[in-house]
Amino acid sequence: MTKPRFRDMTEEQRAALAQESREWWEKRKQNATPEELKVYLEKDRRRENKNKYRVTEVYYHEFDSKHLHHQSYEQRLAKAAQLNGCEFKKAKSTKRQFASREHTDIYYHCGECDGQVAILRRGMGVWFLCCLLAFAIAFVSFFAVIEAPFENSYGWKGFFGGLIGGPLGIYLVVQLWRKLDFLDKFEFNRHTGLVRMPHKLFRRPFYIPIEDIELSIGPVVQSARGGGERGSGALFLTKYPAKYWFRPSYSLFFGGIEEGHWTSLIHFMDITQPVNEDVHIQMEKHYKKDRNAMGTGPYPEIMKRYFDKEDQQVNCWEVW
């Protein structure tokens with residue numbers, strides 16, 4: 001005999017189903033590893049907080065959306081041209097295959113996001129130069145430690161110089177990368193409807209509407225020894241500032257992103273829809289650190305109204 005649908009159940013059947021679910025959840029926690037138990041307890045905490053918000057009805061409070069742009073594509077294109085200091089020109093047609101802009105995944109995770117801005121990282125940027133510099137420091141310090149005791153010109157001074165200077169140099173490179181990391185980031189700003197492109201060599205960042213960016217699909221990259229596969233790709237601009245002779249191209253961090261990630265970013269930029277609940281955990285992560293997604297300043301003040309200060313959790317049903 002098949003179970004009736006939830007909406008067709010009686011109150012007794014719904015209560016029995018709820019009790020059965022609670023027992024299953026408690027049994028799962030009893031059999032969990034310490035790492036899994038931490039995850040389950042965190043889910044319990046979030047669920048209890050959400051029930052508290054519902055009871056106090058703060059969960060259903062509707063905030064205004066005056067901070068969103070509420071502009072047409074043409075208005076945002078003109079705004080981007082004003083910020084860039086020049087008009088746009090249309091890119092030449094291409095035979096590249098573009099990913100669909102329609103979201104078909106069940107999840108809406110869009111990576112690092114604070115509710116106002118979501119980010120992507122480009123490939124071959126500051127992070128790559130810092131990796132090369134760190135590798136060079138490690139290489140030199142390693143041979144200084146190995147060979148210095150046998151060299152009359154340096155001796156133990158070279159040994160201790162490599163032993164101390166190597167880790168210290170790598171530490172300073174990491175700090176440099178953290179300071180300059182924002183240069184590699186695409187800034188998808190939901191409040192303005194514009195995307196700020198990252199810095200490139202001899203080229204300053206510029207602004208462009210999300211509608212003029214496409215995800216170009218590249219070949220699927222297979223991992224070694226059957227470890228899986230990953231799609232590759234780059235961001236292709238259908239328009240770009242007229243002051244540039246050639247259309248800028250942007251590879252993405254570690255080869256590309258999944259199509260579901262790309263369409264989640266498009267959904268995030270759609271101001272007719274609230275920020276999806278899948279993004280709330282990323283928002284809370286940045287709220288707790290009091291840092292925006294770009295890492296250049298404090299958490300956006302306008303987004304703090306959606307949080308419970310004590311629980312440091314999103315307490316609203318709809319986040320705009």
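FYI, it's all coordinate maths here, none of it is from the lab. On a predicted model such as this, the values are computed, not experimentally measured, just so you know. Positions of Cβ are backbone-derived with ideal geometry, glycine not excepted, and every protein chain shown enters the neighbour counts.
Here are the numbers for this structure:
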| quantity | calculated |
| --- | --- |
| Neighbour-count ranking [beta-carbon atoms within 10 angstrom, fewest first] of I208, I271, I106, I146 | I106, I146, I271, I208 |
| Region 6-60 shape via C-alpha gyration tensor axes, a/c threshold 1.5 | oblate |
| HN-Hα J in Hz across region 88-102 - Karplus 6.51, -1.76, 1.60, θ = phi - 60°, x for Gly and Pro | 9, 10, 7, 6, 5, 5, 9, 8, 5, 8, 9, 6, 5, 9, 8 |
| Overall form of region 1-149 per C-alpha gyration tensor (a/c, 1.5; a/b vs b/c) | oblate |
| Reported label for calculated volume of the Cα convex hull per residue in Å³ given (1) 252; (2) 162; (3) 135 | (1) |
| Ranked list, fewest to most other Cβ atoms within 10 Å of each Cβ, for W127, W262 | W127, W262 |
| Between 0 and 90°, nearest 10: helix 280-289 axis offset from the chain longest Cα axis | 50 degrees |
| Highest-MSF residue in the chain out of E23, E310, E57 [GNM, Cα springs under 10 Å] | E23 |
| Exposure proxy ranking, count of Cβ atoms within 10 Å, fewest first, for S100, S141 | S100, S141 |
| Using alpha-carbon coordinates, inclination of helix 126-147 to the longest axis of the chain, degrees | 50 degrees |
